[in-house]
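Have a look at the structure below, then the notes.
The values are calculated or read from the model by the stated rules, or taken from the named source; none is laboratory data. This structure is a prediction, so every number in the text was calculated from the model and none was measured. A quick note on method: Cβ atoms are made from the backbone with ideal geometry, for glycine too, and the neighbour counts reach across all protein chains shown.
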Amino acid sequence: MFNRQKYKEFARIQLKKRWGIPVVMTLITFAITILLEIPYARNMIDTVGQQGAASSSNLWTVYSQVMHSYKQTGLESVCGWISFFISAIITVAGYHVYLKMSRGPEPVHFGDFMEGFNNWWRAILASLWMYLWILLWTLLFIIPGIVKTIAYSQTYFIITEFPEISVTRALDISKRITKGYKGDLFVMWISFIGWGLLSCITCGIGFIWLVPYISMSMTNAYHGLMKNALEAQIITVEDLKG
Amino acid sequence: MSQKSKRTGFVVFIIIVIIAVAVAGIGIYESTSDGTNATGNPSLLPSQKRSFFKDVEPMKKFQKQYIAALYIEGVIEDDGKTYNQEWLLTTINTLKNDESNRAILLYINSPGGGVYQADEVYLALLDYKKAGKEVYAYMGPLAASGGYYIACAADTIYANRNTLTGSIGVIAGQSVDMTGLLGKLGVKSETITAGKNKNMLNYNCPLTDEQRAIMQGVADEAYTQFTGIVSENRHMKLADVQKLADGRIYTAEQAEKNGLIDHIGSWDDAVSELSLKISNPGCKVTTCRYEKSENFFDMLSGVVTNVTGSKTLSSLGLPETLAGEIQPDVPFPAYLYRK
């Protein structure tokens, strides 16, 4: 059974008195993301500035002109890929900490986060493999792309928890364990919207706590999905060996 | 093992931080460095790219100055393959508000187009000039009718020695009366209207004398406007302009002789003269050219329309070239040169 409330409740208990490292991890992720977004933001702001100066009277005209004139530069394309890979590496490093927190009440350290970066190569491979499949599904239509994004969402957890498993098999296992629960996972994501809006009101400061809360809840959901799949023999222990 | 893996992880983390800082650094450097069109986007103007890093020194301001080479290509209409009215007006307005822009050098290669659209561009250029900036025009292979109308906004008009220009005149509309053909085919087509001239110029309605007079009135009015603008901007007598404005095209030499253009020369000649005029020899030239991003479906729908249109006409025993006549993509009334 998929119990969203339980996963969230566990997350709050697991994070109690252990907010420090997750918050630091979130801040580091934010900082790196901001740095990586500078070339993109620069081009976008320039375009907005230009089109805004030209037709500042009408917001919609400004928007449509910006979209019309905005073009991605070569630098942005390269930065986009770098950003994509780095965010995968950081996500996997973060999951390393959240998985540790979900297993026991002992305190986590910054070193645990650093240890997660060892998985960098597998994180890059997994992100590319997922991207390829999501892209292929999105070619059909946007909805299959979203469905498959949810289906592959457990891949990072699997490659973090089972370092011996290949990336392709991790994706396959993710697909199998989410079968029948994709709707639940989607609803779980949606259920954080209220907190998200509240965080926006606080100029984004709230996200420093919201991101660990979401990640911890999703880690618990992953454990739940894995347990269900093992019990229903959708996957076996053998599948989780290298 | 754990300590070692933490150390390795730390090294990876440091590398990521270095990459992120480097990417940010490159982004900021791109913003502050000189050079036109670093983004490859022709509509982005250099001074606005750097507007967040205010350089107040006059020397730097002088170095930032530039001439905008504004391309007007194709039929003057709302949205075409090489021409977009909204983009053009916005670009002119942006250039007007851009402190670093000193002048516009128009590159015109157009057979003309809609009266409304051509006049809108003409007025936008006059508005631009009110900011104390210069407008020059350079004519490419063809700058006829509406293309010439826009060129009239320029202080000086250059033309290539092989340019064709002129075609000062108006097409108010056209009637393709297909009632005879439809009768032969046994097709009855009827449009229900109120107002006796509501259906005029429709394919199933022969043109009456009254309707002919109505359209002539439209043509005459637009013609008066066109000749008035030529007279005013080229400093010629209206009667002299009207003598020239019989709709014919002129070669560059004929146009120069008749005072319709100022000089025959190259693009570089026009750039040099304009640079001297704005007292900034060697001034940068930034290209502002409309580029339509056409996707696969646009291409496909264009091909399908052409093929089905041609097939229909062929099946009726009519020449395929009639497609352009029956379904003109030009807004009427038009200042348009038809080959």
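Looking at the range B:81-104, can you tell me whether even one residue there is closer than 20 Å to B:Glu232 by Cβ, aromatic (Phe, Trp, Tyr) and either in contact with a strand residue (DSSP E or B) (Cβ under 9 Å, 6 or more places away or on another chain) or without any contact (Cβ under 8 Å) to a residue 40 or more places away in the chain (or both)? No, the range B:81-104 contains no residue that is closer than 20 Å to B:Glu232 by Cβ, aromatic (Phe, Trp, Tyr) and either in contact with a strand residue (DSSP E or B) (Cβ under 9 Å, 6 or more places away or on another chain) or without any contact (Cβ under 8 Å) to a residue 40 or more places away in the chain (or both). Does B:Leu201 satisfy the condition of being assigned to a loop (DSSP other than H, G, I, E, B), in contact (Cβ under 8 Å) with a residue 12 or more places away in the chain and over 14 Å from B:Gly169 (Cα atoms)? Considered against the rule, which asks whether it is assigned to a loop (DSSP other than H, G, I, E, B), in contact (Cβ under 8 Å) with a residue 12 or more places away in the chain and over 14 Å from B:Gly169 (Cα atoms), B:Leu201 comes out as yes. If you check B:Lys49, B:Lys54, B:Lys4 for being at pLDDT 75 or above and within 13 Å of chain A (Cβ to nearest Cβ), only one passes: B:Lys4.
In the set (1) at pLDDT below 95; (2) part of a helix (DSSP H, G or I), the condition left unmet by B:Gly195 is number (2). Scoring A:Met44 on the criteria (1) within 11 Å of chain B (Cβ to nearest Cβ); (2) buried (at least 16 other Cβ atoms within 10 Å of the Cβ); (3) at pLDDT below 90 leaves a single failure, condition (2).
Scanning the range B:280-310 for residues that are basic (Lys, Arg) and either in a strand (DSSP E or B) or modelled with pLDDT of 80 or more (or both) gives B:Lys284, B:Arg289. Taking the criterion of being surrounded by fewer than 18 Cβ atoms within 10 Å (Cβ to Cβ) and closer than 27 Å to B:Val176 by Cβ, the only residue of the range B:225-240 that qualifies is B:Gln225. Is at least one residue of the range B:91-103 out of contact with any Lys or Arg (no Cβ under 9 Å at 6 or more places or on another chain), of a type in the set (A, V, I, L, M, F, W, C) and more than 18 Å from B:Glu291 (Cα to Cα)? Scanning the range B:91-103, I find no residue that is out of contact with any Lys or Arg (no Cβ under 9 Å at 6 or more places or on another chain), of a type in the set (A, V, I, L, M, F, W, C) and more than 18 Å from B:Glu291 (Cα to Cα), so the answer is no.
Scanning the range B:12-30 for residues that are among the β-branched types (Val, Ile, Thr) and either surrounded by 13 or more Cβ atoms within 10 Å (Cβ to Cβ) or at the interface with another protein chain (Cβ under 7 Å from one of its Cβ atoms) (or both) turns up B:Val12, B:Ile15, B:Ile16, B:Val17, B:Ile19, B:Val21, B:Val23, B:Ile26, B:Ile28. For B:Ile76, are the conditions met, namely being in contact with a Leu (Cβ under 8 Å, 6 or more places away or on another chain), at pLDDT 90 or above, crowded, with 19+ Cβ neighbours inside 10 Å and not basic (Lys, Arg)? Considered against the rule, which asks whether it is in contact with a Leu (Cβ under 8 Å, 6 or more places away or on another chain), at pLDDT 90 or above, crowded, with 19+ Cβ neighbours inside 10 Å and not basic (Lys, Arg), B:Ile76 comes out as no. For B:Cys205, indicate whether it is modelled with pLDDT under 90 and buried (at least 19 other Cβ atoms within 10 Å of the Cβ). Answer is yes for this residue. In the set (1) assigned to a helix (DSSP H, G or I); (2) in contact with a Gly (Cβ under 6 Å, 6 or more places away or on another chain); (3) in contact (Cβ under 8 Å) with a residue 60 or more places away in the chain, B:Met215 fails one condition alone, (3).
Taking the criterion of being part of a helix (DSSP H, G or I) and either within 18 Å of B:Ile150 (Cβ to Cβ) or touching a residue at least 60 places away in the same chain (Cβ under 8 Å) (or both), the residues of the range B:225-241 that qualify are B:Gln225, B:Phe226, B:Thr227, B:Gly228, B:Ile229, B:Val230, B:Ser231, B:Glu232, B:Asn233, B:Val241.
Scanning the range B:261-279 for residues that are under 30 Å from B:Asn84 (Cβ atoms), assigned to a loop (DSSP other than H, G, I, E, B) and either free of Cβ contacts under 8 Å to residues at least 12 places away in the same chain or out of contact with any helix residue (DSSP H, G or I) (no Cβ under 7 Å at 6 or more places or on another chain) (or both) gives B:Asp262, B:Gly265, B:Ser266, B:Ile278.
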